[in-house]
Amino acid sequence: MSKSRVADKPTVIPEEVQVSVEDNLVKVKGKKGELSLFLPKELELTIRDNELMVVGKEQYIKRAADRKKLTALRGTYTSLIRNMITGVTEGYQKELEVLGIGYRAQVQDNTLILNIGYSNPVVFEIPDGIIIEVPQPTRIIVKGIDKYLVGEVAARIKSLRKVNVYSGKGIKYADEVVVRKKGKKV
């Protein structure tokens, strides 16, 4: 079996997390919720003494290229399961900033309403499994247990008004640095 830097290290399961496997469906349950993931038929999950490892099934290796693919799959799915464990214990969050005069955000019921320079406010429906908080009109915090979904929702909100490199107006991640450009010289 090829060496995988990620998959060869066992993943420790915290005491408050329950991991179960049924027909290649991995379920991770914790204090914040439950997530599930389908494993490909080439992989299986072994759990021993509160440690889990993703291992490849040898019957699917017929050439050297298959071995490389299996190693890549092992690493990817190990990382996905670790993210699921972190999600159900701690959760994930992304913070966005709304920049511009008169630009603001607010949450009403299950929608995020953004005034971002268009003639009408932009209404963004909040998907299931996501919590959006607006502590200040210029800050948006996206929270959830699914790392992929949190990142996807934050990216979709950000894409509603990308930061203009000349004026600096738009929506950006809180830790993102936007390099401003000079305008034309007369």
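Every residue in the range 9-40 that is in a loop (DSSP other than H, G, I, E, B), touching a residue at least 24 places away in the same chain (Cβ under 8 Å) and among the acidic types (Asp, Glu), please. Answer for the range 9-40, where residues must be in a loop (DSSP other than H, G, I, E, B), touching a residue at least 24 places away in the same chain (Cβ under 8 Å) and among the acidic types (Asp, Glu): Glu15, Glu16.
On inspection, Ile126 does not qualify as outside the structural domain of Leu35 (by TED's automatic domain parsing) and crowded, with 18+ Cβ neighbours inside 10 Å.
Within the range 138-169, the set of residues being among the hydroxyl-bearing types (Ser, Thr, Tyr) and more than 18 Å from Thr86 (Cα to Cα) comprises Thr138, Ser159, Tyr166, Ser167. Taken over the range 95-104, the residue count meeting the criterion of being small (Gly, Ala, Ser) and surrounded by 17 or more Cβ atoms within 10 Å (Cβ to Cβ) is 1.
Looking only at residues of the range 167-177 that are touching a strand residue (DSSP E or B) at 6+ places or on another chain (Cβ under 7 Å) and exposed (fewer than 14 other Cβ atoms within 10 Å of the Cβ), we find that the one that is modelled with the highest pLDDT is Ala174. Within the range 103-123, not a single residue is under 26 Å from Gly30 (Cα atoms) and either assigned to a strand (DSSP E or B) or in contact with a Lys or Arg (Cβ under 8 Å, 6 or more places away or on another chain) (or both). Of the residues making up the range 124-163, those that are under 24 Å from Leu35 (Cα atoms) and part of a loop (DSSP other than H, G, I, E, B) are Ile126, Pro127, Asp128, Gly129, Ile145, Asp146. Taking first residues from the range 74-94 that are buried (at least 18 other Cβ atoms within 10 Å of the Cβ) and partners that are among the aromatic types (Phe, Trp, Tyr), the Cβ contacts under 7 Å between residues at least 6 apart in sequence or on separate chains come to Lys94/Tyr173. The set of residues from the range 164-183 being of a type in the set (Gly, Ala, Ser), within 24 Å of Val142 (Cβ to Cβ) and in a loop (DSSP other than H, G, I, E, B) comprises Gly168, Ala174.
Number of residues in the range 20-54 that are over 24 Å from Asp8 (Cβ atoms) and over 21 Å from the mean Cα position of the chain (by Cα): the value is 2.
Apart from one condition, Ile47 fits all of (1) in contact (Cβ under 8 Å) with a residue 60 or more places away in the chain; (2) in a strand (DSSP E or B); the exception is (1).
Filtering Leu160, Leu70, Leu149 for residues that are modelled with pLDDT under 95 and either of a type in the set (A, V, I, L, M) or over 19 Å from the mean Cα position of the chain (by Cα) (or both) leaves a single hit, Leu70.
Within the bounds of the range 97-118, is there any residue that is among the hydroxyl-bearing types (Ser, Thr, Tyr), modelled with pLDDT under 95 and out of contact with any Phe, Trp or Tyr (no Cβ under 7 Å at 6 or more places or on another chain)? Checking the range 97-118: at least one residue is among the hydroxyl-bearing types (Ser, Thr, Tyr), modelled with pLDDT under 95 and out of contact with any Phe, Trp or Tyr (no Cβ under 7 Å at 6 or more places or on another chain).
The values are calculated or read from the model by the stated rules, or taken from the named source; none is laboratory data. Quick caveat, the model's predicted, so the values are computed rather than measured. Note that each Cβ is placed from the backbone with ideal geometry, even for glycine, and that neighbours are counted across all protein chains shown.
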